[in-house]
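Have a look at the structure below before the remarks.
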Amino acid sequence: MIRLQIVRHYSPKLLDANQAYSFINFASIGCLFEQAPGTVAYFCDGMLMSTFMSRVTGRTIGRVSFDFTSIADAVLSSAEQQGKRVYFVGARQAELDLFVGKIKRLYPRLAIAGYHNGYFDAPQARCIQADICRSEADILIVGLGAGLQEQFEQDALRAGFRGVAFTCGGFIRQEAMATRPYYPAVINHLHMRAFYRMYREPHTIKRYLIDYPSNFLHLLTMIVQRKVAISVGE
């Protein structure tokens with residue numbers, strides 16, 4: 001049985017936790033059908049997933065994503081104000097360099113403990129996790145794609161990382177290349193982010209038009225057959 005821990009909403013107190021968090025939608029949940037979620041707690045990434053989980057659990061579960069339409073600014077602003085050290089992992093090196101430069105401009109007092117691109121093998125991953133521990137980072141932000149990023153943050157915790165870890169999907173790459181907010185205000189207001197992303201990134205069309213409906217039906221079937229146990233936390 002798959003045990004899925006859902007977090008209802010983001011709270012600043014989560015930054016003091018020693019916990020791995022990720023974000024689940026009807027594309028990324030496909031990874032859970034193949035691999036148990038372990039110790040990761042999940043936010044609902046997207047209106048469809050938050051609405052679905054609210055109906056299934058009978059509790060109101062908000063949409064939470066790691067981007068600037070949701071909690072990215074809250075996390076980074078709090079880290080800057082509280083003197084928490086942040087470590088980034090993800091994207092290609094050129095993209096990561098652009099991203100880090102952008103973050104330094106947006107949050108000039110933010111303590112960046114370190115950063116590494118998202119292209120490495122298993123032995124290198126262990127070295128990066130050791131560097132994260134040595135850096136005394138308080139917050140780890142990982143964008144490696146669904147499945148890999150959850151595994152990496154859990155491995156970092158097992159290696160001795162004492163802070164809080166968040167996955168971020170394509171956030172680092174998207175923000176590195178954006179000269180203005182990735183989602184225009186009207187798109188964000190109308191909750192049309194999926195359609196806009198299909199326009200900006202055509203490779204995501206399959207994800208939204210094929211993976212979403214097939215994974216929705218798969219998840220619904222597993223819930224009905226009691227192959228998925230869902231717990232809800234604050």
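When peptides 1-8, 200-207 are ranked by their average number of other Cβ atoms within 10 Å per residue, the highest-first order is 1-8, 200-207.
Estimated translational diffusion coefficient (Stokes-Einstein, Kirkwood radius over Cα pairs, 4 °C, 1.567 mPa s) of the range 56-135: 90 µm² per second. Between amide H atoms placed 1.01 Å from N, distances below 5 Å from I71 occur with S65, all of them 5 or more places distant or on a separate chain.
Near V40: Cβ cut-off under 9 Å, other residues only, Lys/Arg at +1 and Asp/Glu at -1. The net charge is -2.
Exposure proxy ranking for S50, S78, S135, based on other Cβ atoms within 10 angstrom of each Cβ and starting from the fewest, stands as S78, S135, S50. In whole Å, what is the distance between the alpha-carbon centres of the range 36-114 and the range 165-217? What the calculation gives is 14 Å, centre to centre. Can you compute the helix-only [θ] at 222 nm over the chain? Use -39500 (n - 2.57) per DSSP H run of at least 4 residues, normalise by all residues, nearest 500 deg cm²/dmol. Theoretical 222 nm ellipticity from helices: -12000 deg cm²/dmol.
Each Cα pair under 8 Å and six or more residues apart adds its sequence gap; the mean of these over the residue count of the chain is a relative contact order of 28 percent. Here the peptides 226-234, 16-24, 109-117 are ranked by packing, the mean other Cβ count within 10 Å, and the order with the highest first is 16-24, 109-117, 226-234. Charged neighbours of A20, selected by a Cβ distance under 9 Å, balance to -2 (K, R count +1; D, E count -1). Restricting the range 59-151 to GluC sites (Glu not before Pro) that sit in a DSSP loop and have at most 14 other Cβ atoms within 10 Å of their own Cβ leaves E136. Computed from the Cβ-Cβ distance with R0 of 25 Å, the FRET efficiency linking T39 to E201 stands at 0.20. For Y42, the amide hydrogen comes within under 5 Å of the amide hydrogens of Q5, I6, V7, S22, counting only partners 5 or more places away or on other chains and with H modelled in the peptide plane.
Where the alpha-carbon atoms of the chain are placed on the principal axes, they occupy 47, 39, 33 Å, in descending order.
Read-outs: derived from the displayed coordinates by stated rules, not from any lab. Remember, predicted model here, so these are calculated numbers, not experimental data. Virtual Cβ from ideal backbone geometry, glycine too; neighbours counted across all protein chains shown.
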